[in-house]
């Protein structure tokens with residue numbers, strides 16, 4: 001046990017002190033601080049904070065409609081009686097024609113606000129011209145009520161309300177971020193662990209190592225050290241994200257981008273964290289097993305091809321399936337162990353997904369991880385002193 005812990009500590013500390021670990025973690029955390037304060041950053045560089053004084057040359061009827069409408073769209077535009085930095089002149093009322101004269105350019109958002117306010121004012125003019133009553137105006141702008149019904153599952157011939165399949169934007173962002181984070185860390189650490197194992201074998205350092213520690217014990221110490229480092233990085237990034245979220249003006253940010261939590265948000269956060277960790281453990285275990293087949297560094301990329309391919313397929317299924325998370329293809333692939341960490345949380349974007357599929361997916365992954373680690377130990381023990389130059393030759397040797 002002491003030899004296991006010694007190898008574990010050496011590997012863990014060396015990876016923890018690596019510049020790649022520190023730089024990657026800091027960049028991702030900094031990115032989250034920027035994302036959570038994006039509205040403030042945009043405000044620093046956006047000229048729309050500059051107040052524009054607008055002089056309106058029109059009758060009182062136009063001004064009475066236009067001014068409150070414009071203020072509802074943009075409060076950085078102030079209407080003044082004279083000496084404004086911009087002049088809006090009504091050239092014709094029927095149809096409404098307007099000319100804007102400015103001392104200097106205003107921002108595109110302010111131009112859009114003025115355009116929208118003019119459109120609303122024009123509609124008010126048209127309605128007034130038609131001589132409609134208030135009830136008729138209200139009826140014209142009223143939203144048409146509609147109820148969507150689908151046939152009941154009990155074959156009774158009755159109809160019931162259709163489920164709301166509209167996905168929550170905040171939940172989609174959380175899922176999107178977790179999938180990208182997992183994909184990046186898998187590719188990074190899978191390459192590192194396979195490189196370490198292959199480098200020891202190719203340099204013959206392993207001959208001295210296995211003379212003092214059992215090969216399987218040595219491999220497991222390295223695998224668990226690398227897993228611990230990757231999980232620690234996920235924890236640090238998650239903690240950094242929570243700190244960034246706490247110290248940002250979250251209510252204003254969520255309102256500005258139309259983000260709103262629902263009953264699935266907490267569930268998707270928890271399960272995304274669980275599946276990211278399990279996904280890292282699974283793919284790093286596979287990378288360790290593949291690294292055990294390699295005796296030369298030249299064969300490293302070829303040996304890691306299964307990890308790269310499987311993770312990329314799972315990644316693209318997850319992102320491509322966001323628009324049809326309840327499709328049968330998504331459901332089936334979510335139970336394939338190497339796609340489960342990518343695809344299973346995707347099903348939570350559909351509001352009627354419960355805990356049962358998530359727990360089944362966790363069970364599948366745990367069983368697969370145990371089998372993979374056992375197989376990795378077996379392969380490493382049989383091939384640790386192999387000098388065969390090709391991966392296929394090493395596989396044939398292990399099967400003997």
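The values are calculated or read from the model by the stated rules, or taken from the named source; none is laboratory data. Note that the structure is a prediction, hence the values are computed from the model and not measured. Backbone-built Cβ (ideal geometry, glycine too); neighbour counts: all protein chains shown.
How about region 325-343: which of its residues are assigned to a helix (DSSP H, G or I) and either more than 21 Å from residue 265 (Cβ to Cβ) or not assigned by TED's automatic domain parsing to the domain that holds residue 190 (or both)?
328, 329, 331, 332, 333, 340 - these are the residues of region 325-343 that are assigned to a helix (DSSP H, G or I) and either more than 21 Å from residue 265 (Cβ to Cβ) or not assigned by TED's automatic domain parsing to the domain that holds residue 190 (or both).
For region 344-357, indicate whether the set of residues that are crowded, with 21+ Cβ neighbours inside 10 Å, assigned by TED's automatic domain parsing to the domain that holds residue 173, over 17 Å from residue 175 (Cβ atoms) and modelled with pLDDT under 90 is non-empty.
Within region 344-357, not a single residue is crowded, with 21+ Cβ neighbours inside 10 Å, assigned by TED's automatic domain parsing to the domain that holds residue 173, over 17 Å from residue 175 (Cβ atoms) and modelled with pLDDT under 90.
It is to be established whether one or more residues within region 88-100 are over 24 Å from residue 125 (Cβ atoms) and in the same structural domain as residue 122 (by TED's automatic domain parsing).
no
Which residues, taken from region 93-112, are over 14 Å from residue 53 (Cα atoms) and modelled with pLDDT of 80 or more?
97, 98, 99, 112
Could you list all residues from region 317-328 that are surrounded by fewer than 19 Cβ atoms within 10 Å (Cβ to Cβ) and at pLDDT below 85?
If the condition is that a residue be surrounded by fewer than 19 Cβ atoms within 10 Å (Cβ to Cβ) and at pLDDT below 85, then 319, 320, 322, 323, 324, 326, 327 are the ones that fit.
For region 1-21, enumerate the residues that are over 11 Å from residue 229 (Cβ atoms) and surrounded by 15 or more Cβ atoms within 10 Å (Cβ to Cβ).
4, 7
Within region 296-329, work out how many residues are free of Cβ contacts under 8 Å to residues at least 40 places away in the same chain and more than 18 Å from the chain's Cα centre (by Cα).
9
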